[in-house]
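Scroll down for the structure; my scribbles are underneath it.
The values are calculated or read from the model by the stated rules, or taken from the named source; none is laboratory data. What you see is a predicted model, and the numbers here were worked out from it, not measured in a lab. Please note: Cβ atoms are built from the backbone with ideal geometry, for glycine as well, and neighbour counts cover all protein chains shown. We work out accessible area using only protein heavy atoms, side chains counted, and drop any ligands, DNA or RNA first. Shrake-Rupley method; radii C 1.70, N 1.55, O 1.52, S 1.80 Å.
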Amino acid sequence: MKLIADDHQNHFERYSRQSLGFECLAWDKKYDGIENLSMRSFIGLHEKFPILRSERYPGGLSIAPGITVDDEPNAFAARNGEHHFVGVSNSLAKKIVHYADLCFCQPFIYQGKYGSGQFLVTILEQVQHRDELEEFRMISEDLPELPEDPERRRLSLYVSCVMFRFVLLHEFAHCFLGHIDYLTENKKLRNSRIYELDLTQRSSGQGKIEPSLLHYLEQEADISALDSCLRIELSGECDFGFFSKGIPEDQRVELILFAAYLMLWLLASTRPKNAGAGFKSHPVPSMRLRYLYQWASATLGRSRSEYVLMNHSAMSQLKSIDTRLRSGWMDEDRLEQFQLDERRRQSVTDELKGLRYMRTTKP
């Protein structure tokens, strides 16, 4: 069984229509928004990936990814029969582009010295394909302002693609880390599906599952997604075309960190009106950001000390936006109530072992 299922587009479209009631976006066009480019990249990175198997499911993990046409900016991971599904809505892609453009329209974002002490706007190569920038159709057509400088426009598109990749890899992590199988088998997860934003708690049954368990799984998926984004870049496997050409490795690392943190800001702004209900399925946004930032500092510091400074710089950029817009979500003084104690955490880890999908030498 292949990691990316044969005929995966048809599998996803059938699942989306029958189980969710949504049509799907065709993502095989050359220029049709960042969600299409990011999905093609995701497929390309995983279609030749070795088979992943778990003790409980030795037949292997089979993923059918896709993009739903949905007014709700959301993402999900699910299982139905022999396939797992990873879905992101086109509405979430629109918000991603909006937030990235909003950032790079601000003159104080990445205009000063950072990291290696160079100016980001002067080290990038000149755009050789300005016509391609014009051809790349903006899906957020209602955005009142775009970055005027072509280099900053390119950076905005690059960050948008990384944000969308982060979401895809987060949902993918729920599948290969065994979260979907675990919740389905042990917690009777309705429809074998969990949402990134459980806005109504009407469909998945997430609201009836122990909040501390869900928070633990979300933290795992966040860390896995950021780790994968960094590994993809540092291994030279990124295929976002001319958006990423000419950006030095150090700057790409920082922009990836910034993109992940910006994604959490976007999700924080899209949480349910009843914040208390939303926090039952996902960690408090400010705490979620803190977990990811602390993981990045500890992990990257073991690789290169300069990466710790880049991580701090990426967070500072986000903080500067939050300060000027006075959104306040980063300063929420809300204690994270839903945390697994050490004994329960170890118990969950042990229970997940037989459900984790890993590479194997078995043919």
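Please sort 46-58, 99-111, 340-352, 173-185 by packing, taking for each peptide the average over its residues of neighbouring beta carbons within 10 angstrom, highest first.
Ranking, from highest mean packing down: 173-185, 99-111, 46-58, 340-352.
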Next on the checklist: Just to check I understand the Karplus step: with θ = phi - 60° and J = 6.51 cos²θ - 1.76 cosθ + 1.60, what whole-Hz values come out for region 63-75, glycine and proline as x?
Outcome noted: 9, 10, x, x, 10, 8, 8, 8, 6, 8, x, 8, 8
Next on the checklist: Just to verify a number: what accessible area does residue 355 come out at with the full protein assembly present, 1.4 Å probe, Å² rounded to tens?
Outcome noted: 10 Å²
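Tally up the carbon and sulfur contribution to the accessible surface of region 1-114 as a whole percent, 1.4 Å probe, everything protein left in place.
47 percent
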Checklist entry - What are the radius of gyration and Dmax of region 1-63, computed over its Cα atoms and given in Å? => result 13.5, 41
Next on the checklist: I'd like the FRET efficiency for residue 111 and residue 359, computed as 1/(1 + (r/R0)^6) with the beta carbon distance as r and R0 of 56 Å, rounded to 0.05.
Outcome noted: 0.85
Next on the checklist: Under the rule of at least 5 residues apart or a separate chain, name every residue whose amide H is placed under 5 Å from the amide H of residue 23.
Outcome noted: 69
Checklist outcome for this item: FRET efficiency (residue 351, residue 32; Cβ distance; R0 45 Å; to 0.05) is 0.60
Item to check | Chain lengthening between residue 49 and residue 320 when straightened (0.36 nm per residue, less Cα-Cα) | outcome: 93.6 nm
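Sorting check: for 87-94, 8-15, which peptide has the highest mean count of neighbouring beta carbons within 10 Å, and how do the rest follow?
In decreasing order of mean packing, 87-94, 8-15 become 87-94, 8-15.
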Next on the checklist: For residue 356, what residues show an amide H to amide H distance below 5 Å, using hydrogens built from the backbone and excluding near sequence neighbours?
Outcome noted: 55
Next on the checklist: Give me the 1.4 Å probe accessible area per residue for region 18-79, excluding ligands and nucleic acids, in Å².
Outcome noted: 42 Å²
Item to check | Where labels lie 7 Å past Cα in the beta-carbon direction, separation of residue 187 and residue 339 in nm | outcome: 1.9 nm
